[in-house]
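Student: So that we are looking at the same thing, I have put the structure below in structure tokens.
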Amino acid sequence: MDAPLLSVFKTILIYSIFILASPITTFFISKIFIFEGILGASPLTSNVWSAVFAVVVLHIAVGMYIYRAYFEADKSKPAVKTD
Amino acid sequence: MTNENPIYGPFFGVMGAASAIIFSSLGAAYGTAKSGTGIAAMSVMRPELIMKCIIPVVMAGIIAIYGLVIAVLIAGGIEDSTTYSLFNVYFRGFVHLGAGLSVGFSGLAAGFAIGIVGDAGVRGTAQQPRLFVGMILILIFAEVLGLYGLIVAIYLYTKS
């Protein structure tokens, strides 16, 4: 009984960290390194496009979590029942 | 100090940044708490559904990230009152306040919707698992309300 619980906890923990950390890191990395560093854009432009990128990355992360939850829960259901 | 650059000019920008994160977090907190009670009640009988039913909590957390993004944007644009005009050519103060309020109150509304839908949907999913797809769709439509506020806020911010 402990093994599935631990795996579910690990999955949720990893996805939570990913969802919380990815938009913030995307915002600052794309702002400092990509837009202001490589492209040399103005602060306003780089701010706005970094924010758009961060929100897009955030939705991709949430979509991955929903996909995983939708299909993984169906997969793990018989395993719980055989216990 | 002129009429266009009053000494209280940055007050509007600061209030915009503060209201963006305050009201978004208020909505996200309500959504998390309300759907959290639903998850706690549901998982007593169906603990295998927890991974599916965390989704309302995640979506409530997204609302707070919207507010965080706009608050960081506005906070980066606040300057000294001599260069921070309220309604001149670069009318920043009012626009920053408007951007913060739009994402803040949209996030508040979306957080309320996510909380109520998450509570009822999670309890219903425990009894009828086919409800899950419907719950996700309703949650997405509730969360898009916060996204509209974010889009308007970013568009307003580009005016500054």
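Student: Find the residue count for the stretch B:115-142, including only residues that are surrounded by 18 or more Cβ atoms within 10 Å (Cβ to Cβ) and in contact with a Ser or Thr (Cβ under 7 Å, 6 or more places away or on another chain).
Tutor: So the count comes out to 6.
Student: Tell me which residues, restricted to the stretch B:36-57, are surrounded by fewer than 16 Cβ atoms within 10 Å (Cβ to Cβ) and under 23 Å from residue B:25 (Cα atoms).
Tutor: B:37, B:40
Student: For the condition touching an Asp or Glu at 6+ places or on another chain (Cβ under 7 Å), part of a helix (DSSP H, G or I) and either facing chain B (nearest Cβ under 10 Å) or farther than 20 Å from residue B:32 by Cα (or both), what is the one hit in A:16, A:30, A:7, A:46?
Tutor: Being touching an Asp or Glu at 6+ places or on another chain (Cβ under 7 Å), part of a helix (DSSP H, G or I) and either facing chain B (nearest Cβ under 10 Å) or farther than 20 Å from residue B:32 by Cα (or both) holds for just one of A:16, A:30, A:7, A:46, which is A:46.
Student: In the stretch B:1-32, how many are of a type in the set (A, V, I, L, M) and open to solvent by 60 Å² or more (accessible area, probe 1.4 Å)?
Tutor: Number satisfying all stated conditions: 6.
The values are calculated or read from the model by the stated rules, or taken from the named source; none is laboratory data. Here the structure is a predicted model, which is why all the values come from computation and not from measurement. Glycine also receives a Cβ, built like all others from the backbone with ideal geometry; neighbour counts cover every protein chain displayed. Ligands, DNA and RNA are excluded from the accessible area calculation, which covers all protein heavy atoms including side chains. Shrake-Rupley method; radii C 1.70, N 1.55, O 1.52, S 1.80 Å.
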